[in-house]
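*Asks:* This is the structure, below, for whatever I ask next.
The values are calculated or read from the model by the stated rules, or taken from the named source; none is laboratory data. Since we're looking at a predicted model, the values are computed, not measured. When we count neighbours, we look across all protein chains shown, and the Cβ atoms used for this are built from the backbone with ideal geometry, even at glycine. Calculation scope for accessible area: heavy atoms of the full protein, side chains included, ligands and nucleic acids excluded. Shrake-Rupley method; radii C 1.70, N 1.55, O 1.52, S 1.80 Å.
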Amino acid sequence: MAEVSIDLNMVRVTNDAFVAKAEACAPKLLETVVRPVSIVDIIKTENVYPDVNKKDDIKNLSSYHLAKGDKICLDFGDHQVGYVTLKLNSVGSPQDAPAFFRLKFAEIAKEITEDSKDYDGWISRGWIQEEFIHVDVLPAELKLPRRYAFRYMEIEAIDTSLKWQLVVEDVSCTSVSAVRIEDVEPVKSDDEMIRRLDRVSLRTLQNCMQSVFEDGPKRDRRLWLGDLRLQALANYETFHNMDLVKRCLYLFAAQTKDNGQVSACLFTEPKFIVDDTFLLDYSMFFGATLYDYYEASGDKETLKDLSTCAYRQMEIAEEWFDEKNLLKNGEGFWGFIDWTDGLNKQSAMQGVYIYCAGKVQKIAEVLGDTEKAAYFATEAKEKTESARKYLLDPESGLFVSGEEKQLNYASQVWMILAGAVSAEEGAEILDKVIALNPEKGMVSPYMTHHFVEALLKCGKKEQAMDYMKYYWGGMLSHGADTFWELYNPENPAESPYGGSIVNSYCHAWSCTPTYLLRKYFIWKMDYEKGFRISART
């Protein structure tokens, strides 16, 4: 039996054998040295997003002599995640004072135009990528110890002296990732938008694949279970890095709450430790993510190792049901589903339970545990019957949620994905909710992904493609090199944190167009035989 240690500080239970298996799958990060491609001007406009104009060729960088108040902005050409080195010098009289300058890093150009002093949100301003630096002696090579996620880098001379100016002779970034985008053949299509959706999705996924699947390389730099599930699906169709998924699954199972519940997220630095955030939908998704991994890898040993943890998440969720087999409404941040303000999550969470019960049932079937398989099949059936009886409103033909019988997108989407309705019924439901356009819509790429999958499950491929182009294409129209944590087409500057300067603009759950394109529209690769085995229209 594995040695189990207990951290009494938060009643965390650690399985050391699982930690060891996770560490055995840790990747050696690949490094690529990247330099800026041009010097640019970023200009505020009346629109939400600024204009970016090329100002000069990067070969002329050292000709810029920066006196007090001068600034230059460097464009690296694409989103980078890595470590920056600057080669600095001075011109004029001998250096009679320290060089005092500010570095500002931005994933999108809009961040350059925002003043960090104006930020007053509830997420720490420590996430703003801004450094104030003194260098006493020039010339110098400055290697910044922090890792940054950025495309644009602004250098502003706060002060030098009246007698000399600062010169930036060279800048480089050692970009890091567990995978190489060059190893994935891009989607081939005559449609430029489809090619761009694939390319930017791949870059998003690549830059989030570090020592674990991070949610965002700028913020939060953590492994979140909801993000992992979608990243893993995209990875199976692209980079095919099974060890990184396996590592993350073992990490989640390796340290749990004392009742066996997996955390919504975990940290790997300075040491491995789960966070004290627990989301019921994310916990349930552990089993779904595990089964998806088995389907993609055939790794039955890992499935067997982690099956008990998957079963336990569903047992914990069962405690939330009432005598009608309806999931009770939770209070506060009890489940995620989406960032939509005021969203009632009861029906969507019931759909998540049914969906995950079906996945865990399949785990039991593969392992030959007929009793468990029958149990979860019954659970899914009973919860589905209750959803149809109590939550499917006969007047509107839509699922309602909570005591206020809220109509929202999330309830319809998750009941469809759960199989609580047939494909034909689901198609009618989607038509109705789209026509109704309820106040509680969708604001995250996470929820939007599930909406598109619901369209596909109901045979609405053309509509699914149109919506992908509308939603993720909207980010492209605003200059996205990687896809974002949050995007509301009706309010492009929206932030759940009190200021968009801390929004993540390279975010794991937004990488799924490459998965959707390859699984449902284009082709799939047979990784063992090395050729495409199924063409799709």
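*Asks:* At q = 0.09, 0.12, 0.17, 0.18 Å⁻¹, work out log10 I(q)/I(0) for the range 15-170 with the Debye formula, treating every Cα as an identical point scatterer and leaving solvent out; two decimals please.
*Replies:* Calculated log10 I(q)/I(0) at the listed q: -0.36, -0.60, -1.05, -1.15.
*Asks:* Please report the relative contact order for the chain, taking Cα pairs under 8 Å with a sequence separation of at least 6, and give it as a percent rounded to a whole number.
*Replies:* 16 percent
*Asks:* Right, here's the next one. Dipole of the chain (Lys/Arg Cβ +1, Asp/Glu Cβ -1, origin at the Cα centre): which of VAL187, GLN313, GLY342 lies farthest to the positive side?
*Replies:* Ranked along the dipole, the leading option is VAL187.
*Asks:* Calculate one ³J(HN,Hα) per residue across the range 38-51 by plugging θ = phi - 60° into the Karplus curve 6.51 cos²θ - 1.76 cosθ + 1.60, and present them in order as whole Hz with x for glycine and proline.
*Replies:* Per residue, the Karplus-derived 3J(HN,Hα) values read 6, 9, 10, 9, 10, 10, 5, 10, 6, 7, 5, 9, x, 8 Hz.
*Asks:* What is the gain in length, in nm to one decimal, between LYS389 and LEU367 on full extension, counting 0.36 nm per residue of separation less the C-alpha to C-alpha distance?
*Replies:* Computed gain between LYS389 and LEU367 is 4.6 nm.
*Asks:* For the range 266-337, count the residues as N, evaluate 2.2 N^0.38 Å, and divide the Cα radius of gyration by that value, please.
*Replies:* Dividing the Cα Rg of the range 266-337 by 2.2 N^0.38 Å gives 1.31.
*Asks:* Next up: Would you please give the FRET efficiency between ASP258 and LEU436, computed as 1/(1 + (r/R0)^6) with r the Cβ-Cβ distance and R0 = 45 Å, to the nearest 0.05?
*Replies:* It comes out at approximately 0.55.
*Asks:* Kindly state, as a whole number, the per residue volume in cubic angstrom of the convex hull around the alpha carbon atoms of the chain.
*Replies:* Each residue corresponds to 167 Å³ of Cα convex hull volume.
*Asks:* How large is the dipole of the range 1-145 about the Cα centre if only Lys and Arg carry +1 and Asp and Glu carry -1, each at its Cβ, rounded to the nearest 20 debye?
*Replies:* 280 debye
*Asks:* Work out how much length GLU490 to GLU428 would gain on full extension: take 0.36 nm times their residue separation and subtract the Cα-Cα distance, in nm to one decimal.
*Replies:* Using 0.36 nm per residue and subtracting the Cα-Cα distance, I get 19.8 nm.
*Asks:* Could you give the angle, 0 to 90 degrees to the nearest 10, between helix 445-457's Cα long axis and the longest principal axis of the Cα atoms of the chain?
*Replies:* Once rounded, one gets 40 degrees.
*Asks:* Still on this structure, please answer the following. Determine the calculated [θ] at 222 nm for the chain from helices alone, applying -39500 (n - 2.57) to every DSSP H run no shorter than 4 residues and normalising by the residue count; nearest 500 deg cm²/dmol.
*Replies:* -11500 deg cm²/dmol
*Asks:* Once both labels are modelled 7 Å past Cα along the beta-carbon direction, what's the LYS405-GLU23 spacing in nm?
*Replies:* 5.7 nm
*Asks:* Of SER38, ASN437, TRP414, whose Cα points farthest to the positive end of the dipole of the chain (charges on the beta-carbon: +1 Lys, Arg; -1 Asp, Glu; origin at the Cα centre)?
*Replies:* So the residue furthest toward the plus end is SER38.
*Asks:* Are there any chymotrypsin sites (Phe, Trp or Tyr not before Pro) in the range 300-365 that are in a DSSP loop and have at most 16 other Cβ atoms within 10 Å? List them by number.
*Replies:* PHE333, TRP334
*Asks:* Rounded to two decimals, what is the ratio between the C-alpha radius of gyration of the range 14-56 and 2.2 N^0.38 Å?
*Replies:* So the range 14-56 has a normalised radius of gyration of 2.43.
*Asks:* What GluC sites (Glu not before Pro) in the range 213-319 are in a loop by DSSP, with at most 13 other Cβ atoms within 10 Å of the Cβ?
*Replies:* GLU319
*Asks:* Nearest 20 debye, what's the magnitude of the dipole of the chain about its Cα centre given +1 on Lys and Arg Cβ and -1 on Asp and Glu Cβ?
*Replies:* 980 debye
*Asks:* Only sites in a loop by DSSP and with at most 15 other Cβ atoms within 10 Å count here; which GluC sites (Glu not before Pro) in the range 19-61 make the cut?
*Replies:* GLU46
*Asks:* How large is the Kirkwood hydrodynamic radius of the range 149-190, counting all unique pairs of alpha carbons, in Å?
*Replies:* 15.3 Å
*Asks:* Here's a follow-up. For ASP78 paired with GLU462, estimate the spin-label separation in nm (one decimal), with each label point 7 Å from Cα along the Cα-to-Cβ line.
*Replies:* 3.5 nm
*Asks:* What are the ³J(HN,Hα) couplings of the range 183-194, residue after residue, when phi is run through the Karplus curve with 6.51, -1.76, 1.60 and θ = phi - 60°? Round to Hz, x for glycine and proline.
*Replies:* For the range 183-194, the Karplus curve yields 7, 10, 6, x, 4, 9, 7, 6, 8, 4, 4, 4 Hz.
*Asks:* At q = 0.12, 0.13, 0.19 Å⁻¹, what is the base-10 log of I(q)/I(0) for the range 281-428 according to the Debye formula with one equal point scatterer per Cα and no solvent? Please give it to two decimals.
*Replies:* Listed by q, the Debye log ratios stand at -0.49, -0.57, -1.11.
*Asks:* What is the distance, in nm, between label points placed 7 Å from the Cα along the Cα-to-Cβ direction at SER297 and at ARG125?
*Replies:* 4.3 nm
*Asks:* Taking R0 as 35 Å, what's the FRET efficiency between THR277 and ALA97 from their Cβ-Cβ distance, rounded to 0.05?
*Replies:* Approximately 0.15, to the nearest 0.05.
*Asks:* Over all alpha-carbon pairs of the range 208-275, lay out the pair-distance distribution in 5 Å bins, whole %, shortest bin first.
*Replies:* Values per bin, smallest distances first: 4, 18, 31, 25, 14, 7, 1, 0.
*Asks:* Also, I was wondering about something else. Could you tell me the ratio Rg/Rh of the range 472-521? Both radii from Cα atoms, Rh via Kirkwood.
*Replies:* Radius of gyration over Kirkwood radius for the range 472-521 works out to 1.01.
*Asks:* Same structure, new question: If you plug each phi of the range 388-395 into the Karplus form 6.51 cos²θ - 1.76 cosθ + 1.60 with θ = phi - 60°, what whole-Hz ³J(HN,Hα) values come out, in order, with x for Gly and Pro?
*Replies:* Rounded to whole hertz, the list is 5, 6, 9, 10, 8, 6, x, 6.
*Asks:* What is the calculated FRET efficiency for ILE43 to LEU476, with r their C-beta to C-beta distance and R₀ = 22 Å, to the nearest 0.05?
*Replies:* 0.65
*Asks:* Right, here's the next one. Suppose accessible area is computed on protein heavy atoms with a 1.4 Å probe; arrange LEU367, LEU455 from highest to lowest.
*Replies:* Solvent-accessible surface, decreasing: LEU367, LEU455.
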